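A.B. asks: Take this structure, written in structure tokens, and hold onto it; I'll ask about it next.
The values are calculated or read from the model by the stated rules, or taken from the named source; none is laboratory data. A quick note: this is a predicted structure, and the numbers were derived from the prediction, not measured. For neighbour counting, all protein chains shown are included, and Cβ atoms are generated from backbone atoms with ideal geometry for every residue, glycine included.
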Amino acid sequence: MRPTFLVVLAVAAVMVLVSYFSGRDTPPPAALQRAVVDTESDSLRSTATNDSAPGPDAGDVVASEELTEQDEQRALTNDEALRLRDERFGSYRDFGDPYNYVPIRKPEPRYPPEAALLGLSGFVLMEYSVTSDGVVDHIAILDASSPLFELEASRSVGQYRYAPRIDRGAFVDSQGLKTLIVYGDPEGVPTVDEGTDKLVVSPPD
């Protein structure tokens, strides 16, 4: 039962008693009169409190939510992201651009056993991306002298790891990286620009 209903019930009971005494010559006791006054006062105070209780202002709630969202989405500066990258990947730097991606692991490619048995030389030119986690992705064969070399070349590049590039305080993907792997001393090796890594793998003895 709600408090207001109890108050109304109490007032009704008191009024019944007052009516009873009003039909007699004896006035109602003073305590009963005070009870009527006190009960009505409590009812008024309860109503006033419920009506005037301040609630949360909608504008304050919205402003608070916006501030929280801004704090969560606050972008790091490039220097802060660089320190974070050092903690996660190690202190590697491209001296031309400290925020650029940097290779941190490049396993030595293996000479394909089948090509070695046949005494074949060859090459594979590949393009790939580096994710924001420093992992190689989307390996594409741009040119190759023979399919015998493609699998080993792709497997080797797939094991590369990088400290990712930093842009506007965040780790970001990098596209268009190229690697040329030359096996032995083949003919027709394509000419590549300075930005392309070039590795030479000698045939096993």
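A.B. asks: Being on the phi < 0 side of the Ramachandran plot, part of a loop (DSSP other than H, G, I, E, B) and either touching a Gly at 6+ places or on another chain (Cβ under 9 Å) or buried (at least 17 other Cβ atoms within 10 Å of the Cβ) (or both) narrows it down to one of P109, P98, so name that one. Even if it seems obvious, please write down each step before you answer.
C.D. replies: Numbers: P98 fails: either touching a Gly at 6+ places or on another chain (Cβ under 9 Å) or buried (at least 17 other Cβ atoms within 10 Å of the Cβ) (or both).
When all the criteria are applied, what remains is P109.
A.B. asks: Now for a separate question. Going by the structure shown, is L177 assigned by TED's automatic domain parsing to the domain that holds F95, assigned to a strand (DSSP E or B) and either touching a Cys at 6+ places or on another chain (Cβ under 8 Å) or farther than 15 Å from P107 by Cβ (or both)? Outline the logic, then answer.
C.D. replies: Numbers: assigned by TED's automatic domain parsing to the domain that holds F95: yes; assigned to a strand (DSSP E or B): yes; either touching a Cys at 6+ places or on another chain (Cβ under 8 Å) or farther than 15 Å from P107 by Cβ (or both): yes.
Yes.
A.B. asks: On to the next question. Determine whether the stretch 181-198 contains at least one residue that is touching a residue at least 40 places away in the same chain (Cβ under 8 Å), within 36 Å of the chain's Cα centre (by Cα) and crowded, with 19+ Cβ neighbours inside 10 Å.
C.D. replies: The answer is no, given that none of the residues of the stretch 181-198 is touching a residue at least 40 places away in the same chain (Cβ under 8 Å), within 36 Å of the chain's Cα centre (by Cα) and crowded, with 19+ Cβ neighbours inside 10 Å.
A.B. asks: Moving to a separate point now. When both residues are 6+ apart or on different chains and their Cβ atoms are under 7 Å apart, which pairs have a first residue that lies in the stretch 84-105 and is under 17 Å from V135 (Cα atoms), and a second that is surrounded by fewer than 15 Cβ atoms within 10 Å (Cβ to Cβ) and acidic (D, E)?
C.D. replies: From residues that are under 17 Å from V135 (Cα atoms), the pairs are N100/D94; V102/D94.
A.B. asks: Quick one: count up the residues across the stretch 147-168 that are in a loop (DSSP other than H, G, I, E, B) and at pLDDT 95 or above. Give the steps one after another, and end with the answer.
C.D. replies: The first filter runs over the stretch 147-168 and keeps only residues in a loop (DSSP other than H, G, I, E, B), leaving 159-160, 164, 168.
Restricting the remaining residues to those that are at pLDDT 95 or above gives 159-160, 164.
Residues that pass the stated criteria total 3.
A.B. asks: Same structure, new question: I want to confirm something. Restricting to the stretch 146-180 and keeping residues that are more than 13 Å from V136 (Cα to Cα) and of a type in the set (D, E), which single residue is surrounded by the fewest Cβ atoms within 10 Å (Cβ to Cβ)?
C.D. replies: D167
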